[in-house]
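Participant: Input: one structure, supplied below.
The values are calculated or read from the model by the stated rules, or taken from the named source; none is laboratory data. Bear in mind the structure is a predicted one, so any value in this text is a computation, not a measurement. A quick note on method: Cβ atoms are made from the backbone with ideal geometry, for glycine too, and the neighbour counts reach across all protein chains shown. Protein only, heavy atoms only, side chains kept; ligands, DNA and RNA dropped before computing areas. Shrake-Rupley method; radii C 1.70, N 1.55, O 1.52, S 1.80 Å.
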Amino acid sequence: MIMSTLINGKEVSLLLRENIKSETALLKDRYNKVPKLAVILVGNNPASQTYVNSKGKAALECGFEYKDYFLSDNTTEEELINLVNTLNNDESVNGILVQLPLPKHINEEKVINTIKSEKDVDGFSPYNTGLLAIGEDCLMPCTPAGILELLKYYNISTVGKRVCVIGRSNIVGKPIALMLMQKGWDATVTVCNSKTENLTEETKRADIIIAAIGKPNFLTGDMVSDGAVVIDVGINRVEDKTKKKGYRIVGDCDFDSLVDKCSFITPVPGGVGPMTITLLMNNTLKAFKNHLEK
Ligand code: GUN
């Protein structure tokens, strides 16, 4: 049995937010301006509504200006694109975020491609993705950037280590793989997906496992080697009648069977989750500073 360290994303997130808040205050004194974030939500997905509300609260806490746009389910693609263009052309707006998923009748790719790359605080645009791939400075996707901050804070070196990423989404799997193979991080990265054969062979030889596959309790203790670092990116709602809301949140990792085998593990909630919003604030501040320099 190994004494594993719980990675406290809430604590790291608070520390980073304090830095963002004080830098924002300094910039406000100097330029009499603060970063402004605009968030668009189409439809009434309850999880998305919760995320958007948390983003607004965090922005205000950091001293930013914030505006949200709650649009109905039957908003057309054209209407949404028009709104994005209005925000693109609004000099006072530094960051634009369109909450995903969008309703089926709207082409997500087309909408994301409309966001000006310098205001793309999610880091999802093809331009920012391309910069990330070639190792240039860019607005990086928030969840993987948050994972890097956690690794830094806990002094978990990735140099020469085997990292197994489970999941190949554009939001987490692909970008975290790109980041960790970059010079400086120097990891040997394997990216798995739901069709990977002998997945356990891959996870067992990994020093660090990043689970971002969107399946509740998918990674179990028998799939990892002693001393592995486990980063759980999952946020899954599972039915739980004993809870007031009728559900509880579980990650992609089976915490109970893993905790005695890992050197470090992120809990869900309170691990990676809080970092995503903090890195969104960081990107908004960065977009603001880049705009000041122009
Ligand atoms: N839906 C789930 N995660 C995200 C995210 O990081 N950004 C946006 N825009 N939508 C999401």
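Participant: May I ask you to list the GluC sites (Glu not before Pro) in segment 180-209 that are in a DSSP loop and have at most 14 other Cβ atoms within 10 Å of their Cβ?
Facilitator: Listed in order of number, the matching sites are GLU197.
Participant: Taking +1 at the Cβ of each Lys and Arg and -1 at the Cβ of each Asp and Glu, which of TYR153, ALA133, VAL191 sits farthest along the dipole of segment 122-222 towards its positive end, judged by Cα position relative to the Cα centre?
Facilitator: Positive-end residue among those listed: VAL191.
Participant: Report the FRET efficiency, 1/(1 + (r/R0)^6), for GLU136 and GLU79, where r is their Cβ-Cβ distance and R0 is 41 Å, rounded to 0.05.
Facilitator: Working: r = 34 Å, r/R0 = 0.83.
It comes out at approximately 0.75.
Participant: Among ASP120, ASP137, ASP186, whose mean-square fluctuation peaks in a Gaussian network model of the chain (Cα, cutoff 10 Å)?
Facilitator: For the chain, modelled as a Gaussian network with Cα springs under 10 Å, the answer is ASP137.
Participant: Hey, if you drop one equal point scatterer on each alpha-carbon of the chain and run the Debye formula without solvent, what base-10 log of I(q)/I(0) do you get at q = 0.09, 0.11, 0.12 Å⁻¹?
Facilitator: Here log10 of I(q) over I(0) equals -0.45, -0.67, -0.80.
Participant: Please report the carbon-and-sulfur percent of the accessible area for the chain; probe 1.4 Å, protein heavy atoms only, DNA, RNA and ligands left out.
Facilitator: 50 percent
Participant: As a check on your grasp of the helix formula, calculate [θ] at 222 nm for the chain: sum -39500 (n - 2.57) over DSSP H runs of n ≥ 4, divide by the residue count, round to the nearest 500.
Facilitator: Values: 10 runs with 119 residues, N = 294.
Taking each H run of at least 4 residues, the total per residue is -12500 deg cm²/dmol.
Participant: Also: Multiplying the sequence separation of GLU108 and GLU293 by 0.36 nm and subtracting their Cα-Cα distance, what value in nm do you get?
Facilitator: In short, 63.5 nm is gained.
Participant: On a C-alpha basis, how far is the centre of segment 1-43 from the centre of segment 118-141 in Å? Whole number, if you could?
Facilitator: 19 Å
Participant: Report, to the nearest 10°, how far helix 273-293 tilts away from the longest principal axis of the Cα atoms in the chain, using its own Cα long axis and a range of 0 to 90°.
Facilitator: For helix 273-293, the angle is close to 40 degrees.
Participant: Oh, and also: Among the listed pairs LYS33/LYS289; LYS10/LYS152; LYS55/LYS152; LYS204/LYS261; LYS28/LYS116; LYS10/LYS183, which have their C-alpha atoms separated by more than 19 angstrom in this model?
Facilitator: Numbers: LYS33/LYS289 11 Å; LYS10/LYS152 15 Å; LYS55/LYS152 24 Å; LYS204/LYS261 12 Å; LYS28/LYS116 24 Å; LYS10/LYS183 28 Å.
As for pairs spanning more than 19 Å Cα to Cα, those are LYS55/LYS152; LYS28/LYS116; LYS10/LYS183.
Participant: Next question. What's the angle, to the nearest 10 degrees (0 to 90), between helix 9-31's Cα axis and the longest principal axis of the chain?
Facilitator: Orientation of helix 9-31: about 20 degrees from the principal axis.
Participant: Output needed for segment 1-46: three equivalent-ellipsoid semi-axes, defined as square roots of 5 times the C-alpha gyration tensor eigenvalues, in descending order, whole Å. Each step should come with its number before you reach the end.
Facilitator: On the way: eigenvalues 202, 110, 4 Å².
Its equivalent ellipsoid spans semi-axes of 32, 23, 5 Å.
Participant: If you roll a 1.4 Å probe over the heavy atoms of the protein chains, what accessible area per residue do you get for segment 228-294, in Å²?
Facilitator: 45 Å²
Participant: Going toward the positive end of the dipole of segment 36-96, with +1 on Lys and Arg Cβ and -1 on Asp and Glu Cβ, which of PRO46, LEU87, GLY63 do you reach last?
Facilitator: Towards the positive end, the residue furthest out is GLY63.
Participant: Based on Cβ point charges of +1 for Lys and Arg and -1 for Asp and Glu, what charge dipole magnitude is obtained for the chain about its Cα centre, in debye rounded to the nearest 20?
Facilitator: The dipole magnitude comes to about 400 debye.
Participant: Ok, one more. So if I take the centroid of the Cα atoms in segment 63-105 and the same for segment 169-244, what is the distance between those two points in Å?
Facilitator: Measuring centre to centre over Cα atoms gives 31 Å.
Participant: On a 0 to 90 degree scale, rounded to 10, what angle separates helix 142-153 from the longest Cα axis of the chain?
Facilitator: The answer is roughly 60 degrees.
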